[in-house]
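Peer 1: The structure's right below; bear with me while I get my questions together.
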Amino acid sequence: MKIKNQNYYGLPENAALLTFDDGYVDHYTNVFPILKNRGIQGSFFVSAKPLAENKVLDVNKIHYLLATVDSSVLVDNIFLILNRYRYQGELIESNEELYNKFTGKSRFDTQEVIFIKSLLQYGLDAGLRDLVIQELFHKYIDVSEELLSKEWYLNWEQICCMKSAGMFFGLHGYEHFWLSEVSNGIMEKDIECALDYFDGIIDRSCWVMNYPYGSYNNEVISFIKAQNCKLGLTTEVRVADISNDDLFELPRLDTNDFPPKSKNYKKF
């Protein structure tokens, strides 16, 4: 996230906040040494479930499936699984209706990938969504979830080391939900569980929220404000101006907006 008002909060001209989402282990092995050697603070936002339960986040199960299996094959498998649940009495929209509903525009993904991500991240009821993801995961991934969790994500000792070296940690939910797509009760429980788990790493009297998937609404903002949150980071792509932007809806530039991936940052 780049900030353009040089005098606001005493920030220098073209100040930048470096944010790292999801809590991957390479943030410790690759990113942390570079930041530490250069005297730069990074801001890290870790979902709690992988640490607390040795589970792989659904978002990463979907990424792994997409990296392992052709997207058209995954779509066909999803349709077959949904047909089976319809036969068993589940009330589910037709495959054609779902495909039309959950495809759209994306800066990076094909229509099939958009459909897979959207359907499996928030498009089905939570219980059914979990069953479909688990069935696909076990069909194609021959590695235990616990092992993958330990290999992919930061552990507690690494987080404590980074924290003691001056890195900042904020909240990224417990289960990495689309917070605007779940009930207020689930949203509140998810945030509270994450705050409880990271007590001592995150200062509950003054903390920062990074919305998983960039998903939030007025209810999410109202709740985190009541829990002493001070800033909210979105996935809206542009340069932030914190003298004018709502501090709970701050935009960021993505790594894909910079070389070698692209030069989109120049648009801003």
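The values are calculated or read from the model by the stated rules, or taken from the named source; none is laboratory data. The shown structure was predicted, so the numbers you read here are calculated from the model rather than taken from an experiment. Cβ placement follows ideal geometry from the backbone for every residue including glycine, while neighbour counts extend to all protein chains displayed.
Peer 1: Please list, ordered by first then second residue, the pairs with beta carbon atoms under 7 Å, 6 or more apart or interchain, first in the range 23-51 and within 20 Å of Met209 (Cα to Cα), second of a type in the set (Val, Ile, Thr) and assigned to a strand (DSSP E or B).
Peer 2: Gly23/Val46; Ser43/Thr19; Phe45/Thr19
Peer 1: Could you tell me whether the range 146-157 includes any residue that is touching a Leu at 6+ places or on another chain (Cβ under 7 Å) and part of a helix (DSSP H, G or I)?
Peer 2: yes
Peer 1: Specify which of the listed residues (Asp246, Asp257) is within 27 Å of Ala16 (Cβ to Cβ), surrounded by fewer than 17 Cβ atoms within 10 Å (Cβ to Cβ), out of contact with any Leu (no Cβ under 9 Å at 6 or more places or on another chain) and among the charged types (D, E, K, R).
Peer 2: Asp246
Peer 1: Can you pull out every residue in the range 145-185 that is on the phi > 0 side of the Ramachandran plot and either among the charged types (D, E, K, R) or not assigned by TED's automatic domain parsing to the domain that holds Cys206 (or both)?
Peer 2: The answer is none; no residue qualifies.
Peer 1: Scan the range 186-230 residue by residue and report those that are assigned to a strand (DSSP E or B) and surrounded by 14 or more Cβ atoms within 10 Å (Cβ to Cβ).
Peer 2: Ile202, Trp207, Val208, Met209, Asn210, Cys229, Lys230
Peer 1: Further question: What are the residue pairs meeting all of these: first residue in the range 243-256, first residue under 25 Å from Arg107 (Cα atoms), second residue part of a strand (DSSP E or B) and among the hydroxyl-bearing types (Ser, Thr, Tyr), Cβ atoms under 9 Å, and 6 or more apart or on different chains?
Peer 2: Between residues of the range 243-256 that are under 25 Å from Arg107 (Cα atoms) and residues that are part of a strand (DSSP E or B) and among the hydroxyl-bearing types (Ser, Thr, Tyr), the close pairs are Arg252/Thr19.
Peer 1: Identify all residues within the range 149-185 that are acidic (Asp, Glu) and exposed (fewer than 15 other Cβ atoms within 10 Å of the Cβ); write none if there are none.
Peer 2: Glu151, Glu157
Peer 1: Scan the range 61-83 residue by residue and report those that are part of a loop (DSSP other than H, G, I, E, B) and among the polar types (S, T, N, Q).
Peer 2: none
Peer 1: Those residues that are surrounded by 13 or more Cβ atoms within 10 Å (Cβ to Cβ) and either assigned to a helix (DSSP H, G or I) or touching a Phe, Trp or Tyr at 6+ places or on another chain (Cβ under 6 Å) (or both), I need them from the range 84-102; list them, please.
Peer 2: Passing the criteria: Tyr85, Arg86, Asn95, Leu98, Tyr99, Lys101, Phe102.
Peer 1: Test Lys139 against the criterion of being out of contact with any Asp or Glu (no Cβ under 7 Å at 6 or more places or on another chain), within 27 Å of Thr235 (Cα to Cα) and not hydrophobic (A, V, I, L, M, F, W, C), and give yes or no.
Peer 2: No, not satisfied.
Peer 1: To continue, here is another question. Search the range 212-243 for residues being modelled with pLDDT under 90 and of a type outside the set (Asp, Glu), and hand back the single one that is farthest from Ile186 (Cα to Cα).
Peer 2: Ser243
Peer 1: Restricting to the range 244-261, and then to whatever is in a loop (DSSP other than H, G, I, E, B) and in contact with a strand residue (DSSP E or B) (Cβ under 9 Å, 6 or more places away or on another chain), can you tell me which residue is farthest from Ile191 (Cα to Cα)?
Peer 2: If we take residues in the range 244-261 being in a loop (DSSP other than H, G, I, E, B) and in contact with a strand residue (DSSP E or B) (Cβ under 9 Å, 6 or more places away or on another chain), then Leu253 is farthest from Ile191 (Cα to Cα).
Peer 1: Hey, another quick one. Could you grab me the full set of residues in the range 106-124 that are more than 19 Å from the chain's Cα centre (by Cα) and without any contact (Cβ under 8 Å) to a residue 40 or more places away in the chain?
Peer 2: Thr110, Gln111
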